[in-house]
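*Asks:* I am attaching a structure below and will ask some questions about it afterwards.
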Amino acid sequence: MDEFLALFHDHIVPARKVMDFEVLGPWVDREDGTFVWIVGHEAPGGWEAIDRAYYESPGRSSVPRDPKELLEDVQLKVLAPA
């Protein structure tokens with residue numbers, strides 16, 4: 001968890017912020033290894049387009065390790081304001 005959190009704070013959050021994402025978390029339950037975060041973006045062209053642009057960006061390409069290597073399971077939910 002500590003290795004993932006360092007990668008998250010040092011590389012993923014800055015790469016997201018460069019592309020105008022707002023990071024509204026993270027939260028951790030160290031007992032069961034759960035990590036949750038909320039990231040927001042106006043996404044004028046839709047979430048899929050801005051998320052794809054992020055993954056193709058130089059900032060994301062410069063992340064030294066694929067975060068998924070440190071995770072057992074990833075669940076993504078796209079939410080809308082209530």
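The values are calculated or read from the model by the stated rules, or taken from the named source; none is laboratory data. Keep in mind the model is a prediction, meaning the values are calculated, not measured. As a convention, Cβ positions derive from the backbone with ideal geometry for all residues, glycine included, and neighbour counts pool all protein chains shown.
*Asks:* So which residues in segment 1-21 are among the acidic types (D, E) and either outside any helix (DSSP H, G or I) or in contact (Cβ under 8 Å) with a residue 60 or more places away in the chain (or both), if there are any at all?
*Replies:* E3, D20 - these are the residues of segment 1-21 that are among the acidic types (D, E) and either outside any helix (DSSP H, G or I) or in contact (Cβ under 8 Å) with a residue 60 or more places away in the chain (or both).
*Asks:* Enumerate the pairs (first residue in segment 30-46 and under 13 Å from V13 (Cα atoms); second residue anywhere and modelled with pLDDT under 95 and part of a loop (DSSP other than H, G, I, E, B)) with beta-carbon separation below 6 Å, excluding pairs fewer than 6 apart on the same chain, so at least 6 apart or on different chains.
*Replies:* Going by the 6 Å Cβ cut-off, the qualifying pairs are W37/G25; I38/L24; I38/G25; G40/L24.
*Asks:* It is to be established whether one or more residues within segment 54-74 are touching a strand residue (DSSP E or B) at 6+ places or on another chain (Cβ under 6 Å), of a type in the set (A, V, I, L, M, F, W, C) and at negative phi.
*Replies:* no
*Asks:* Restricting to segment 9-21, name every residue that is farther than 19 Å from P64 by Cβ and surrounded by 13 or more Cβ atoms within 10 Å (Cβ to Cβ).
*Replies:* The one that is farther than 19 Å from P64 by Cβ and surrounded by 13 or more Cβ atoms within 10 Å (Cβ to Cβ): F21.
*Asks:* Still on this structure, please answer the following. When the residues of segment 22-49 are filtered to those that are closer than 19 Å to K68 by Cα, touching a strand residue (DSSP E or B) at 6+ places or on another chain (Cβ under 9 Å) and assigned to a loop (DSSP other than H, G, I, E, B), which remaining residue is modelled with the lowest pLDDT?
*Replies:* Per the criteria, the residue is G25.
*Asks:* Continuing with this model, one more query. Restricting attention to segment 47-60, which residues are within 18 Å of F8 (Cα to Cα), of a type in the set (D, E, K, R) and free of Cβ contacts under 8 Å to residues at least 40 places away in the same chain?
*Replies:* Answer for segment 47-60, where residues must be within 18 Å of F8 (Cα to Cα), of a type in the set (D, E, K, R) and free of Cβ contacts under 8 Å to residues at least 40 places away in the same chain: D51, E56.
*Asks:* Let me ask another. Mind counting the residues in segment 20-35 that are over 18 Å from P81 (Cα atoms) and within 12 Å of the chain's Cα centre (by Cα)?
*Replies:* Qualifying residue count, segment 20-35: 2.
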